[in-house]
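K.L.:
My structure is below; once you've seen it, I'll send some questions.
Derivation of every value follows stated rules applied to the coordinates shown; laboratory data play no part. In this text, all values refer to a predicted model and were calculated from it rather than measured experimentally. Cβ placement follows ideal geometry from the backbone for every residue including glycine, while neighbour counts extend to all protein chains displayed.
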Ligand SMILES: [Mg+2]
């Protein structure tokens, strides 16, 4: 391992952990004046979220403006319920964004891993998809910039993973060939399969230990459950 590309959400940062609770709290805070039962809205939002993010084209478009995406999710949920509540979707989305931001924390071993790799002089690039404002805020709030030689955010760069240009740009910034670099992340296609096709080694972060899906087209070079295992791999 001569260089490392690292994903942000659900690899370094516990991005998904606070989502369910934040929806419950946001609906609880915003619903009372609308006459809509918050529990019913939360349940409908849960169904709507899966449907909303499952469409790859919509996902690609909407992830560049997350507050807008959350508002659209609530609007679709209200539509499913056949309810009209002016201003509610926007209020819930904003409230949810604040709660979600508060709930996000780095995984406990993340800074130790980055510090160790940095101390050993490992060139590193952070490669993350999504909304420029949100991703930049996460990086600043959790003081991650100092660990990386390059930071690629989809919303700033113009294209995201799994576009080849993203990995190539990161490798150029680090001054290494694809075969000298590894990438780690929780998304099988974006963080493992696509980089492997370019010649990088792909490490899949499987925190939940669920294992590969049956007949997975992507076969990671390594599967890890914690960044401590990555620190050991880099030795
Ligand atoms: Mg991720």
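K.L.:
Calculate the translational D of the stretch 160-225 in whole µm² s⁻¹ from Stokes-Einstein, where the hydrodynamic radius comes from the Kirkwood formula applied to all Cα pairs, the temperature is 10 °C and the viscosity 1.306 mPa s.
P.N.:
133 µm²/s
K.L.:
Next question. Just to confirm the number: angle between the C-alpha axis of helix 38-54 and the first principal axis of the chain, 0 to 90 degrees, nearest 10?
P.N.:
Once rounded, one gets 40 degrees.
K.L.:
Follow-up question, since we're still on this one. Taking only Cα atoms, what is the 0 to 90° angle, nearest 10, from helix 110-119's long axis to the longest principal axis of the chain?
P.N.:
30 degrees
K.L.:
Work out, in µm²/s and without decimals, the Stokes-Einstein translational diffusion coefficient of the stretch 126-197 at 37 °C, 0.692 mPa s, Rh from Kirkwood over C-alpha pairs. Please report the intermediate quantities before stating the final value.
P.N.:
On the way: Rh = 12.6 Å.
It diffuses with D of about 261 µm²/s by this estimate.
K.L.:
Still on this structure: Angle check, please: helix 19-30 long axis (alpha carbons) against the longest principal axis of the chain (alpha carbons), in degrees 0 to 90, nearest 10.
P.N.:
Value to nearest ten degrees: 30.
K.L.:
Let's test this: bin the Cα-Cα distances of the stretch 19-103 at 5 Å from zero up to the farthest pair and state each bin's percent.
P.N.:
Each 5 Å bin holds this share of Cα pairs: 3, 16, 29, 28, 17, 6, 1, 0.
K.L.:
Rounded to the nearest 0.05, what FRET efficiency is calculated for residue 58 and residue 81 with R0 set to 22 Å and r the Cβ-Cβ distance?
P.N.:
0.60
K.L.:
Then there's this: Taking every eigenvalue of the Cα gyration tensor of the stretch 18-166, multiplying by 5 and rooting it, what semi-axes result, largest first, whole Å?
P.N.:
Here the semi-axes work out to 34, 18, 11 Å.
K.L.:
Taking only Cα atoms and a 10 Å spring cutoff, compute GNM fluctuations for the chain and point out the largest among 190, 182, 51.
P.N.:
The residue with the greatest mean-square fluctuation here is 51.
K.L.:
Express in nm, to one decimal, how much length is gained between residue 67 and residue 217 on full extension, taking 0.36 nm for each residue of separation and deducting their alpha carbon distance. Spell out each step's value before the answer.
P.N.:
Numbers: separation 150, 0.36 × 150 = 54.00 nm, distance 3.31 nm.
Contour length minus the Cα-Cα distance gives 50.7 nm.
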